[in-house]
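Working notes, structure below.
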Amino acid sequence: MKRNAKPVRQSVSLPGPLAQRVQKLAKAQDTSTNRVLVELIETGIESKEAEKKRFFELADQLSASSDPEEHKRIKEELARMTFGE
């Protein structure tokens, strides 16, 4: 997050056990729960973007490949990404 970006106040309700985990992380890192939440959200967004990029890379590989074995492998990986194990 850009440090000079104007912060926007949000209200988030967390389940009790999750809130406790966030508080423990904050204490262990000697920082605020707000900072921990911001870092977790940033990490989550980056992870989702990387997952989406990987999905489209695989889709491009699938369309470019002519090898039936590679087709099968890529389709299975795309299915796992879409539907889970």
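Each reported figure results from applying straightforward, stated rules to the coordinates on display, with no laboratory input. Please read all numbers here as calculations on a predicted model, not as lab measurements. Note that we place each Cβ from the backbone using ideal geometry, even for glycine, and neighbour counts take in every protein chain shown.
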* **For the chain: lysine pairs under 29 Å (alpha-carbon distance), excluding those fewer than 8 apart on one chain** => 18
* Asked: Taking R0 as 41 Å, what's the FRET efficiency between Asp60 and Arg21 from their Cβ-Cβ distance, rounded to 0.05?
  -> 0.60
* Asked: Restricting attention to the chain, which trypsin sites (Lys or Arg not before Pro) occupy a DSSP loop and are surrounded by at most 14 other Cβ atoms within 10 Å?
  -> Lys2, Arg3, Arg9
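Going by how many other beta carbons lie within 10 Å of each one, how would you line up Ile74, Ile41, fewest first?
By the 10 Å Cβ count, ascending, the order reads Ile41, Ile74.
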* **11 Å beta-carbon shell around Leu25, net charge (K/R +1, D/E -1)** => +2
* To do: For the stretch 17-83, calculate the relative contact order in percent as a whole number, restricting contacts to Cα pairs under 8 Å that are 6 or more residues apart.
  => 19
